[in-house]
Amino acid sequence: MMYLYIILGTLVGIGVGIGITATLLRKSIEKKSHQLIDEAKAEAEVLKKDRILEAKEKFIKLKTEHDNYVSQRKQGLLKLENKLNNRETHLNARNEEIKKMLEEIEVAKEALEGKRLHLLQQEKELEKSQKRQIEQLEAISGLSAQEAKEELLEAVKAEAKSDAINYINEMMEEAKMTANLEAKKIVIETIQRTATESAIENTVSVFHIENDDIKGRIIGREGRNIRALEAATGIEIIVDDTPEAIILSGFDPVRREIARLSLHKLVSDGRIHPARIEEVVAKTRKQIEEEIMETGKRTAIDLGIHGMHHELLRMVGRMKYRSSYGQNLLQHSREVANLCATMAAELGLNPKLAKRAGLLHDIGKVPENEPELPHALHGMKLAEKYKEKPEVCNAIGSHHDEIEMTTLISPIVQVCDAISGARPGARREVVEAYINRLKELENRALSFPGVLKTYAIQAGRELRVIVGADKISDEEANNISFELSKQIQEEMTYPGQIKITVIRETRAVSYAK
């Protein structure tokens, strides 16, 4: 029981102590909060004073800046006002000068008007005097002014025509001396820098054999072997009395080459019968096609031409077995390509593009079918089909003037084609066509009045025309030479150029008796 009282007393004491402590703590907190409030008020008062001072300083600074700005603006306005005053003064002075000038112009205008009236009066008097002189001249000469004018015009026309012909001849000679020098230099350098070989192809191939006993085996029993060979190759095989030789005849050189190689394989193998012939011809045809493709690729690589369609390469390879006027077509195309590249480089153009156009310019001559178009147009269509550049297509289509030339490479291809074809020994010309061309030259010259005789010499490169001295004057001889050259140039086709020489000779003959 005593312990219980002790515990209760202890608890009561603790409660009383806690209450006292809480009271003391509350009073301490209240005192502390009053102190903090007083300190905060004091700090707020200080901050307020600082802010007021800062605002005053800022106001003073802004006011000073404003005053300076206003002062500067006033000074600027004063300067502008002075400038405007000066300009006004200058304009007033200028205005006075203009007024004086206008007054002077008016005075000069009046003087000019008086002079103009005086000149008009003099002109009328001059016209009257000229009219009187014309009337006097008409009375003296017995001709009217119109008739005299017509006679004078006729005389002037004749003199002007003669002077024009002489002037044209002088200009042509001068142009030849200047232009031909550079053109010849380029052409000669191009030809000299292009080495070429001549190859003459015929429509007949000769297959050599060791002895005539093989001829019978090639013919076969009742001719079945030779018929099978002709049917497989499309070539006519002629077995005659020619010793140790068999003739293969056909216009297609590719087929002739297939027939020649097939015969060589059959004779070397010894087995010659229809089935074996068909097998060998098929293998040979495949071999030739591969060789054609290889030739086209090798040609393009040799010439440095890249990116060409494989069909165009195959056509280039087929050129090896084609000929044009006796000139091997592939050799001709390679020659033209090199000539074009050299000439284009000399003229500052693209040599690679020119070489490409030169190589492809005759692809229209090697079609597998028979087109109705001229070979230049057909070649252009093929080039367009296989995505060649427009410059190359135009050069191919225009190298025989079938279409208009639109690029600078086109005339280069045309010129180089003529250079390659006109090279001595490159082509064979039919004698009859050659003679007809010479006769046509002479007949054209004979059609001019006053021409007595004509001679086409130097293989048609020069035409000499003899005119009658009593019928043709020197000026008319020059006119005949000019007109004849123009007519030949426009209406005839010929390689190179033709020199026209008109000869007028005056002979004085007398006899001493």
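The values are calculated or read from the model by the stated rules, or taken from the named source; none is laboratory data. Given the structure is predicted, the values throughout are model-derived calculations rather than measurements. All Cβ positions, even for glycine, are placed from backbone atoms using ideal geometry, and neighbour counts span all protein chains on display. Heavy atoms of the whole protein, side chains included, go into the accessibility calculation; ligands, DNA and RNA do not. Shrake-Rupley method; radii C 1.70, N 1.55, O 1.52, S 1.80 Å.
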*asked:* Solvent-accessible area of VAL16, probe 1.4 Å, all protein chains present, reported in Å² to the nearest ten, please.
replied: 80 Å²
*In the stretch 1-128, how does Rg compare with the Kirkwood Rh, expressed as the Rg/Rh ratio over alpha carbon atoms?*
1.99
*At a Cα cut-off below 28 Å, give the lysines reachable from LYS486, other chains included and same-chain residues fewer than 8 away excluded.*
LYS157, LYS161, LYS176, LYS184, LYS185, LYS439, LYS453, LYS471, LYS499
*Pull up all non-local amide H partners of VAL502: gap of 5 or more, or a different chain, and H-to-H distance under 5 Å with H placed in the peptide plane.*
VAL465
_Residue order for ASP269, ASP362, ASP401 - accessible surface, 1.4 angstrom probe, largest first_ = ASP401, ASP269, ASP362
*Which pairs, out of LYS365/LYS387; LYS27/LYS49; LYS297/LYS381; LYS355/LYS389; LYS320/LYS381, put more than 23 Å between their alpha-carbon atoms?*
LYS27/LYS49
*Tell me which residues come under 5 Å, amide H to amide H, from ALA245 once H is placed; ignore anything under 5 positions away on its chain.*
ILE209
*With labels modelled as points extended 7 Å from the Cα through the Cβ direction, what inter-label distance (nm, one decimal) is found for HIS66 paired with ALA164?*
9.3 nm
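Whole number please: convex hull volume per residue, Cα atoms of the stretch 204-304, in Å³. Could you put the intermediate results ahead of the total?
Values: hull volume 10.6 nm³, N = 101.
Per residue, the Cα convex hull of the stretch 204-304 comes to 105 Å³.
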*Quickly work out the ALA275-to-ALA42 label distance, labels modelled 7 Å from Cα along the C-beta direction, and quote it in nm with one decimal.*
13.5 nm
*List the pair-distance distribution P(r) of the stretch 263-328, using every Cα-Cα distance, as the percent of pairs falling in each 10 Å bin from 0 up to the bin containing the longest distance, rounded to whole percents.*
19, 34, 27, 17, 3
*In Hz, Karplus ³J(HN,Hα) per residue of the stretch 19-26 (6.51, -1.76, 1.60; θ = phi - 60°; x = Gly, Pro)*: x, 4, 4, 4, 5, 5, 5, 5
*Calculate the all-directions average of the projected area of the stretch 1-73's alpha-carbon convex hull, and give it in nm².*
6.3 nm²
*asked:* With viscosity set to 1.002 mPa s at 20 °C, what whole-number translational diffusion coefficient in µm²/s follows for the stretch 62-144 from Stokes-Einstein and a Kirkwood radius over Cα pairs?
replied: 109 µm²/s
*Within the stretch 454-474, what residues put their amide N at less than 18 Å from the label point 7 Å along the Cα-to-Cβ vector of LEU438?*
454-466
